[in-house]
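Student: Take a look at this one; I'll ask things after.
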Amino acid sequence: DLILRHNGSRHYADESFGLQALILISGAVDRLTRSMMKSESGMGKPVAASACQICALLGAAKSLIYFLNPPKSPSESGSTDGHNSPNGTDTMETDESEVPDANQGGDGNEARESLLRNSVLLLDSPDLAIVREAASLLSLAFAYFGVDCSGSYVSGVLSAIRCCFQRPPSGSSGDKQSARITCKKRMTALQGVISVLSR
């Protein structure tokens, strides 16, 4: 609400405020995502962050996207290090010191890439609320920034869709029915981002 009220419209958006907010929110999402992934794999302490925290950060980031310019191309930004892959394992091993700081005066491209990369990872979260928020953010980002932005993340989104169908139902017919219902809910949550990428 603060982001929307402060900026008002794209024509009167505060670029400095928007970039600093994006960098800070992206860094927070990155830390929470890495903690969650390590916890789920048994490599870290249980996650203290709630689904509500992650959803709130993703929602705030989605509001920011309305006021941001499309990302610079690699030739414009001078970045050709290939860190755009959403499936790269190095994402989870990034040192805390590498998270962009609002005081470093970055142009926001790195923060934007980190945010989108983590949103793709969160599409596979067991919490449907997180899946919905991540898919909603990606839908808006892909629609607004176009194919130059979305192209790097197609394989990650397809992987999340594939995982929906590959989760094996186990046990009784009741368990199988529950698994089918869960799969349907996950696919409904992913519908928006699937639609944007299809277009």
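The values are calculated or read from the model by the stated rules, or taken from the named source; none is laboratory data. Worth saying up front: this structure is predicted, and the values here are computed from it rather than measured. No Cβ is skipped: glycine too gets one built from the backbone with ideal geometry, and neighbour counts run over all protein chains shown. What goes into the accessible areas is simple: the full protein's heavy atoms, side chains included, and nothing from ligands, DNA or RNA. Shrake-Rupley method; radii C 1.70, N 1.55, O 1.52, S 1.80 Å.
Student: By per-residue mean of other Cβ atoms within 10 Å, what is the highest-first order of 108-117, 57-66?
Tutor: Highest mean packing first, the order is 108-117, 57-66.
Student: For Phe165, Phe67, give me the order by solvent-accessible area with a 1.4 Å probe, most accessible first, ignoring ligands, DNA and RNA.
Tutor: Solvent-accessible surface, decreasing: Phe165, Phe67.
Student: Mind checking the per residue accessible area of the stretch 115-199 for me, 1.4 Å probe, whole number of Å²?
Tutor: Heavy-atom accessible area per residue stands at 50 Å².
Student: What are the ³J(HN,Hα) couplings of the stretch 120-137, residue after residue, when phi is run through the Karplus curve with 6.51, -1.76, 1.60 and θ = phi - 60°? Round to Hz, x for glycine and proline.
Tutor: The phi angles translate into 5, 4, 6, 4, 9, 5, x, 8, 5, 5, 5, 4, 4, 5, 5, 5, 5, 4 Hz.
Student: Once the Cβ-Cβ distance between Lys184 and Leu158 is put in as r, and R0 is 22 Å, what FRET efficiency do you end up with, to the nearest 0.05?
Tutor: The computed FRET efficiency comes out at 0.75.
Student: Quick one: how many Å² of Arg31 are accessible to a 1.4 Å probe, rounded to 10?
Tutor: 100 Å²
Student: If the chain between Phe17 and Gln177 were fully stretched, how many nm would it gain, using 0.36 nm times the residue separation less the Cα-Cα distance?
Tutor: Contour length minus the Cα-Cα distance gives 52.8 nm.
Student: Figure the gain on full extension for Leu128 and Ser198 (residue separation times 0.36 nm, minus the Cα-Cα span) and round it to one decimal in nm.
Tutor: Computed gain between Leu128 and Ser198 is 23.0 nm.
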